[in-house]
Structure formats: C-alpha cells, structure tokens
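*Asks:* The following block contains the structure, expressed as structure tokens.
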Amino acid sequence: MVNLSTTYLGLNLKNPIIVASSGLTENLKSLQEIEKNGAAAVVLKSIFEEEITNEYEAITAEAEQLGYHDEHMDYFDYQIREKNLLKYVELISNAKKELSIPVIASINCHSSHEWEYFAANCEKAGADAIELNIFISPSDISLNCELIQKRYFTIIEKILNKVTIPVSLKISPYFSDLGSMIFRLSKTGIKGMTLFNRFFSPDFDIYKMEVSSSFVFSHADEIAQSLRWVSLMSSRVDCDLAASTGIHSGEAIIKQILGGASAVQIASVLYQNGTEYISTMLSTLEKWMKEKSFDSIDSFKGKLSQTESSNAAVYERVQFMKYFSGKF
Ligand SMILES: Cc1cc2nc3c(=O)[nH]c(=O)nc-3n(C[C@H](O)[C@H](O)[C@H](O)COP(=O)(O)O)c2cc1C
C-alpha cells in the first residue's frame with residue numbers, strides 16, 4: 001500500500017494535487033466536485049483589487065455625469081470594495097463549512113494597505129492559508145528592477161505581520177535574477193512558493209483587426225520551466241515549493257516531486273478533461289510508486305533535484321550544443 005500524503009505550508013494533504021486558483025475554484029459547486037474527484041486542496045480564484053478598481057471607475061464615470069460629488073465617490077469606492085470582499089469571504093466560509101480539504105485563499109492587490117486588509121479578512125473567514133498572487137508589471141517604464149523587487153518584500157512583510165495562518169507566494173518567472181529572488185523570498189517567513197504563475201496573453205484577430213484573448217490553457221510541454229526551477233531551487237529554499245504550469249499528467253506530477261516539489265497546482269488539464277481527471281493522474285502516480293517500490297512521497301521527493309544529481313550542470317544548461325548528435 002503506497003502513501004500519497006504530503007505536507008505543504010504545514011498543511012497535511014492526502015495527496016500532492018492542489019487545484020490551482022482559477023475559474024474552477026470560484027464557486028462552491030465546482031469546489032465540491034473537485035473534492036469528490038480526489039484533490040487534496042484548493043486555491044480559490046483570486047480576489048483582484050484591480051477588478052474592484054475597474055468596477056469603481058465605471059461607476060464613478062457614470063456618477064460624474066450625473067453630478068455626484070467626491071464624498072459620494074468615496075462612498076461608492078467603499079461599497080464596491082466591501083461588496084466584493086464580502087462575496088469572497090462568503091466563498092471562503094462556505095467552502096470551509098462544506099469541504100474537508102484545506103482551502104487556500106488567493107489575493108492580488110495593488111496598494112499595500114489593501115493587501116493587509118484583504119489578507120486579514122481571508123484569515124477571519126477561516127482560510128487555511130493565503131497565497132499571494134503578486135505580479136508587478138515590468139511594462140511600467142517608470143519602475144526599475146530594484147523598486148519592483150522591493151515591493152514584493154514590503155507586501156510580504158506587511159502581511160506576515162497581519163496574519164497568523166501560513167502565507168505562500170505565487171510568482172512569475174520574469175525576474176532577471178530569478179534564482180536569487182526565489183532564494184531571498186523564501187527567507188522572508190513565507191511557508192511556500194508556487195513556481196510559476198501563467199498569465200493571460202493577448203493575441204490579435206487579424207480578420208476583425210482587433211485584440212483578442214488566446215493561449216488560455218497551457219500545453220504539456222510548458223512544464224519545462226517550472227521543472228528546471230523547482231529542481232534547481234528545492235534544496236536551497238527555506239520553504240515548500242508547489243509546481244505549477246504545464247502539469248498535464250500523473251507522470252508530470254512524478255517529475256515535479258522528483259525535482260523537489262511538495263505539491264503541484266493544476267488548472268488547464270482539468271479545464272480540458274474535467275475534474276474527474278484528478279483520479280487518473282493519481283492512479284498513474286500510485287502505479288509508478290508501486291513499480292518503483294516507493295512507499296511514500298517523501299521517499300522519492302527531490303531525488304532528481306540538482307543537488308542530488310550526478311550531472312548538476314545540466315540543470316543550468318540553456319544551449320542545445322550537442323543536441324543533434326543525440327546527446328544533450
Ligand atoms: C481560466 C484561468 C483562470 C485563472 N485565474 C487565476 C487567478 O485568479 N489567480 C491565479 O493566481 N492564477 C490564476 N490562473 C493561473 C492558474 O492558477 C495556474 O497557475 C496556471 O494556469 C498554470 O497552471 P496550468 O498549466 O495547470 O493551467 C488562472 C488560469 C486559468 C487557465
């Protein structure tokens with residue numbers, strides 16, 4: 001009998017599959033399906049301050065035309081924020097009531113006081129942990145690298161001072177000093193990191209001549225980036241790692257655990273195959289563990305991380321020097 005349980009952020013998970021923050025985790029019905037199909041935890045759809053700001057801007061534009069004054073605008077701002085936050089807090093507390101698996105809240109804010117306010121409310125609603133979905137766009141040409149990076153540390157420090165539940169950080173790979181950033185962020189007191197977020201990308205509809213959305217779901221070969229960085233960093237960081245992006249099969253879960261991940265977060269594969277696919281992925285994992293005589297996740301976790309490897313240099317290789325001669 002193999003034991004699929006693992007720990008992530010100090011939470012006991014019955015297996016390594018966490019359903020990632022997405023439309024799949026934004027309502028109770030879907031969360032119940034996810035639990036029924038075997039997931040070990042869920043990260044709720046993020047609450048975005050930007051969405052609240054957009055709604056506020058639309059309402060204030062209309063209000064301005066109607067001749068409302070500044071104090072009315074402040075009231076609208078407060079109302080919209082509270083309405084959205086209340087909805088989110090309700091989702092957390094309902095999920096906690098109805099599910100037995102851990103429920104991780106996810107927040108994405110702009111202003112530092114909102115990060116703290118949202119996080120405190122998620123804790124109060126009963127979330128088991130909070131994932132900070134931080135991305136500061138490098139498209140803002142007034143911000144240099146130092147300023148962008150400093151914001152990550154400031155946000156984390158403020159939130160860690162505000163809440164007592166475990167906090168994790170979900171980041172993108174878009175840092176020029178990615179290894180150093182992952183290392184330094186892991187030392188802040190966060191309990192885990194999700195490597196990596198995958199973003200919405202715009203595309204062009206050349207017939208309508210307009211911008212459209214595209215590439216919503218990942219492809220299985222997108223696993224390469226997180227696999228490399230999980231394997232490079234897992235033995236160096238001071239927190240757990242969850243792998244995300246391009247994990248589309250049980251084999252992909254095995255790879256990430258071999259690299260040193262404590263858990264994986266999946267979304268696209270479930271959009272494409274339904275949440276029932278969780279059990280297929282778990283069966284593959286279980287079968288492989290039996291074949292290899294591994295009786296627990298810990299017994300093979302990190303076995304192919306860079307520090308365990310006899311070929312450490314290959315993890316840092318980026319050029320295909322001898323690729324076509326059949327060697328890498
Ligand atoms: C439709 C959709 C909505 C998503 N919404 C969020 C979100 O609200 N917050 C977040 O942190 N990530 C969000 N993500 C990113 C996923 O959590 C995940 O990190 C990413 O899709 C990579 O995993 P995958 O390759 O298994 O899809 C979303 C992804 C998709 C496809």
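The values are calculated or read from the model by the stated rules, or taken from the named source; none is laboratory data. Computed from a prediction, not measured in an experiment: that's the story for all the values here. Positions of Cβ are generated from backbone atoms using ideal geometry, with glycine treated the same way; all protein chains shown enter the neighbour counts. Accessible surface is based on the protein model in full, side chains and every heavy atom, while ligands, DNA and RNA are left aside. Shrake-Rupley method; radii C 1.70, N 1.55, O 1.52, S 1.80 Å.
Results for (1) assigned to a loop (DSSP other than H, G, I, E, B); (2) more than 16 Å from the ligand (Cβ to nearest atom), shown as yes or no for each residue.
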{"position": "Ser100", "(1), (2)": "yes, yes"}
{"position": "Ser106", "(1), (2)": "no, no"}
{"position": "Glu123", "(1), (2)": "no, yes"}
{"position": "Leu132", "(1), (2)": "no, no"}
{"position": "Leu143", "(1), (2)": "yes, yes"}
{"position": "Ile148", "(1), (2)": "no, yes"}
{"position": "Asn161", "(1), (2)": "no, yes"}
{"position": "Ser168", "(1), (2)": "no, no"}
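*Asks:* Give me the strands (runs of 3 or more DSSP E) completely within the stretch 1-52, filtered to those with at least 2 residues that are of a type outside the set (Asp, Glu) and within 16 Å of the ligand (Cβ to nearest atom), ordered by residue number. Spell out the reasoning first.
*Replies:* On the way: elements: 6-8, 11-13, 17-19, 41-43.
By residue number, 17-19, 41-43.
*Asks:* Pick from Ala242, Ala261, Ala252, Ala220: which is touching a Leu at 6+ places or on another chain (Cβ under 7 Å) and either under 23 Å from Ala313 (Cα atoms) or within 11 Å of the ligand (Cβ to nearest atom) (or both)?
*Replies:* On the way: Ala242 fails: touching a Leu at 6+ places or on another chain (Cβ under 7 Å); Ala252 fails: touching a Leu at 6+ places or on another chain (Cβ under 7 Å); Ala220 fails: touching a Leu at 6+ places or on another chain (Cβ under 7 Å).
Of Ala242, Ala261, Ala252, Ala220, the one residue that is touching a Leu at 6+ places or on another chain (Cβ under 7 Å) and either under 23 Å from Ala313 (Cα atoms) or within 11 Å of the ligand (Cβ to nearest atom) (or both) is Ala261.
*Asks:* Next question. Go through (1) among the polar types (S, T, N, Q); (2) touching a strand residue (DSSP E or B) at 6+ places or on another chain (Cβ under 9 Å); (3) not in a loop (DSSP other than H, G, I, E, B) and name the single condition Ser231 misses.
*Replies:* For Ser231, the exception is condition (2).
*Asks:* Give the number of residues within the stretch 195-212 that are more than 10 Å from the ligand (Cβ to nearest atom) and open to solvent by 90 Å² or more (accessible area, probe 1.4 Å).
*Replies:* Qualifying residue count for the region: 7.
*Asks:* Moving on. Are any residues in the stretch 153-194 open to solvent by 60 Å² or more (accessible area, probe 1.4 Å), over 18 Å from Ile130 (Cβ atoms) and polar (S, T, N, Q), and if so, which ones?
*Replies:* Correct list: Ser176 only.
*Asks:* Exactly one of these conditions fails for Ser139: (1) over 22 Å from Ser186 (Cα atoms); (2) polar (S, T, N, Q); (3) modelled with pLDDT under 70. Give me its number.
*Replies:* (3)
*Asks:* Next up: Quickly run through the stretch 258-281 and pick out the residues that are open to solvent by 20 Å² or more (accessible area, probe 1.4 Å) and of a type in the set (Val, Ile, Thr).
*Replies:* Thr280
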